[in-house]
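Read the structure below first, then the notes.
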Amino acid sequence: ITEGKPEVTDIMAFNNFSEEKILQLAASAEKGSEHSLGAAIVADFEKRQIPFVSVQDFKAIPGRGITAVVDGKALMLGNVEFMMENQVIDKNLPEAQTFSAQGKTAMYLASDKTLAGIIAVADVVKPDSADAIARLQQMGIRTVMLTGDNELTARAIAAQVNIDEVVAQVMPGDKAAQVTKY
């Protein structure tokens with residue numbers, strides 16, 4: 001449905017962190033990441049020609065986010081559920097909901113369990129996706145978008161191409177079972 005080349009669209013800073021510092025921490029942790037959202041953060045950071053900082057103890061939590069020690073601080077980067085599970089926040093912030101409603105993925109960044117910021121990443125819908133979905137529907141095929149993204153972001157993307165059904169927040173390990181179900 002999308003180009004598969006997400007880009008950073010917005011950075012929102014909290015608690016005396018600067019946008020530059022948020023991007024530096026996140027990009028340093030994500031350097032070498034194979035995840036497309038992490039790669040988007042690193043690509044945006046590299047354009048700014050700011051040095052990376054040291055990273056230790058990187059750990060990916062599938063469907064949630066990452067943890068690492070970055071520049072000597074315990075860093076977490078991930079979705080709202082990940083931040084709530086780790087007592088960084090107690091609910092989704094309105095700013096993140098606004099990004100999601102625009103079809104962007106909002107990633108929260110915490111340093112030593114203090115909310116540092118939100119990085120929004122978006123991917124562009126392919127120009128021919130809506131036509132391809134319409135052709136499938138004309139053939140009597142019900143279209144379903146299966147994604148790990150949150151419900152609001154998924155529905156915003158699906159609305160752009162008239163997808164029939166959305167199944168959001170599917171963990172990576174659960175996607176095959178969802179496909180089998182259909």
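The values are calculated or read from the model by the stated rules, or taken from the named source; none is laboratory data. Since we're looking at a predicted model, the values are computed, not measured. Here the Cβ is made from the backbone with ideal geometry for all residues, glycine too, and neighbour counts use every protein chain on show. Remember, those area values only see protein heavy atoms, side chains included, never the ligands or the DNA or RNA. Shrake-Rupley method; radii C 1.70, N 1.55, O 1.52, S 1.80 Å.
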Relative contact order for the stretch 1-100, counting Cα pairs under 8 Å that sit 6 or more residues apart, in percent: 18
Helix 129-138 axis, angle to the chain major axis (alpha carbon atoms, nearest 10°): 30
Mean separation of Cα contacts under 8 Å, 6 or more apart, over the residue count of the stretch 72-182: relative contact order %: 22
Spacing of the two label points (7 Å from each Cα toward its C-beta) at residue 74 and residue 112, in nm: 1.1
Chain lengthening between residue 181 and residue 81 when straightened (0.36 nm per residue, less Cα-Cα): 33.5 nm
Built amide H within the under 5 Å cut-off of residue 61, gap 5+: 66, 67
Charge tally in the Cβ shell below 14 Å around residue 154, where Lys, Arg are +1 and Asp, Glu are -1, residue 154 excluded: -2
Cα centroid of the stretch 2-41 to Cα centroid of the stretch 132-159, whole Å: 26
Using distinct alpha-carbon pairs, which all enter the 1/r mean, Kirkwood radius of the stretch 47-182 in Å: 16.8
Carbon/sulfur fraction of accessible area - the chain, other protein chains in place, 1.4 Å, %: 50
P(r), alpha carbons of the stretch 121-182 - 10 Å bins starting at zero, rounded %: 21, 50, 29, 1
Kirkwood-based Rg to Rh ratio, the stretch 1-103, C-alpha trace: 0.94
Probe 1.4 Å, protein heavy atoms only - accessible area per residue of the chain in square angstrom: 54
Within the stretch 1-92, percent of DSSP bridges classed antiparallel, to nearest 5: 100
Candidates 121, 55, 42: whichever shows maximal mean-square fluctuation once the chain is modelled as a Gaussian network with Cα springs under 10 Å: 55
Within a Gaussian network of the chain (alpha carbon springs, distance under 10 Å), most fluctuating of 81, 95, 30: 95
Sequence ranges 111-119, 163-171, ranked by mean other-Cβ count within 10 angstrom, highest first: 111-119, 163-171
Spin-label pair residue 130/residue 144, simplified geometry with 7 Å Cα→Cβ offset, distance in nm: 2.5
The chain: Lys pairs at Cα distance under 19 angstrom, eight or more positions apart or on different chains: 17
